[in-house]
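Each value in this text was obtained by applying a stated rule to the coordinates, not by laboratory testing. In this text, all values refer to a predicted model and were calculated from it rather than measured experimentally. Cβ atoms come from the backbone with ideal geometry, glycine included; neighbour counts cover every protein chain shown.
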């Protein structure tokens, strides 16, 4: 086959990823499917802060100190940044096993368990016992066809196995796992502080105004541009939102602080993995609160292994496409399922030249390199693992 | 384009994928990324045991270095937090730097040790850090001795003809 230039749209790996995620910005952003509550979160935060900056801040900056809106702005920006990081990043999804790997593991399982006679159901959960100082059981995930690492769990909403799975948070529109737990924690922490801050200064605002012009007059005051809306209504609205947010978010922050100090996940806490007389103690805790906090919040951050922005090798031959069960258009069937580096080149023919090193730079390779040739398409080293 | 390219090309042309071996993760030390150094029986005739073990041990060392919890990783974490993680837009994390070292190492090992023996290592990063995949090639000229024990699914999944063009 001669070299062909394919003038077709570049297909990136995120388009063929299994699981129930939504991707935006050409694979840079990764979220769960249901995003409605996330939009509500955004609306509440932005709305309340907008009202605060527009009305109370103007008065307080003049009367008390200009540092008040500045500090509020810093808190607000930090909360937004961490929220978006939590929502848009890969929580630590474990890619599904390629057919080769799955078959290999199944063979191993059959070797240990013996084949199941026809007509009988296989044992419900296949466990692999590994010895730590205590015995840790690895569960086999039927969807992903892998043995889940310890602390990983399968999220039924997103249909992915996630490392160090904490929980699926609809407010944030994503799972919370190994890679975005620190962002999630910092988000709820900064949101708590922001809520307390706004709540306090709203009270201060009403108090100050009442001192000056009396409480009743404060209630009747209207801002210039909204003749029909009393200023107090807005303030009261903010106070109400802050009040309800306080109870939930501050409580949640407290709970997660507890979890971080003990190096546990919500999932483990709910299941009671480490509590109870007959259960093992948490082997992941360092025993020291400070050390646990440091590891969870400041520890090394593994990059995403999903390679969402890698380019799927397109091939002209329809025969190949038909043979591929997932309907992806890569040369070799097993490669397409597994998002990761140059998964397509795992098949023999692609290993031409040196083994391409996945470049983990954040720079993206230009799309025009996607020239599919009948020969070995040299993949652009576009792992696009920009931190999201 | 170095001589290495030719040797791997020749490997592909003359060899077909026989089977794949998957070296699993070793969780005896917790959730850190380590691979089992147990020598797979399928490689018995293809490569010396200590070469294989050395490769896996070096890889384990790299991963341990990437995930090391210490002063510098805390510093990086705190600095990133202080900048609301915007610094990740322009800076590479320590982990990513080590992963680059790892892929260079694997490339080197493939060129020097594994390709001449008809084997190929795949970077675990491409397999979601679950396994080290070792592809075993059979020379078309030599007859038999492909691992008959393994079911056809593995060779089928390997995607048949290497020479597919």
- Query: How do the peptides A:253-265, B:34-46 rank, highest first, by the average count of neighbouring beta carbon atoms within 10 Å per residue?
  - Reply: A:253-265, B:34-46
- Task: Going by C-beta contacts inside 10 Å, put A:166, A:307 in order with the fewest on the left.
- Result: A:166, A:307
- Given a Förster distance of 51 angstrom, what is the FRET efficiency for residue A:53 paired with residue A:135, based on the Cβ-Cβ distance and rounded to 0.05? 0.35
- Note on the structure: Fewest-first ordering of B:104, A:13, A:139 by Cβ atoms within 10 Å yields B:104, A:139, A:13
- For residue A:286 and residue B:53, FRET efficiency with R0 = 22 Å and r from the beta-carbon atoms, rounded to 0.05? 0.15
- Average beta carbon contacts from partner chains per residue of A:93-100, 10 Å cutoff: 6
- Message: What does the structure give for B:70-79 when I average, per residue, the other chain Cβ atoms found within 10 Å of the residue Cβ?
- Response: 3
- Note on the structure: Whole-number value, in Å³ per residue, for the convex hull of the alpha carbons of segment B:8-139 is 120
- What does the highest-first list of A:173-182, A:80-89, B:109-118 look like by mean Cβ count within 10 Å? A:173-182, A:80-89, B:109-118
- Calculate, for residue A:232 and residue A:106, the FRET efficiency according to 1/(1 + (r/R0)^6) with r their C-beta to C-beta distance and R0 51 Å; round to the nearest 0.05. 0.15
- Item | Diffusion coefficient, µm² s⁻¹, Stokes-Einstein with Kirkwood Rh over alpha-carbon pairs of segment B:80-134 at 4 °C and 1.567 mPa s | 99
- Message: With the crude spin-label approximation of a point 7 Å out along Cα→Cβ, what separation in nm comes out for residue A:204 versus residue A:247?
- Response: 2.6
- Return the average number of partner chain Cβ atoms within 10 angstrom of each residue Cβ along peptide A:141-152. 2
- So how far apart, in nm, are the two label points at residue B:91 and residue A:156 if each is 7 Å from Cα heading toward Cβ? 4.2
- Ranked on Cβ counts within 10 Å of their own Cβ, fewest leading, A:171, A:247 go A:247, A:171
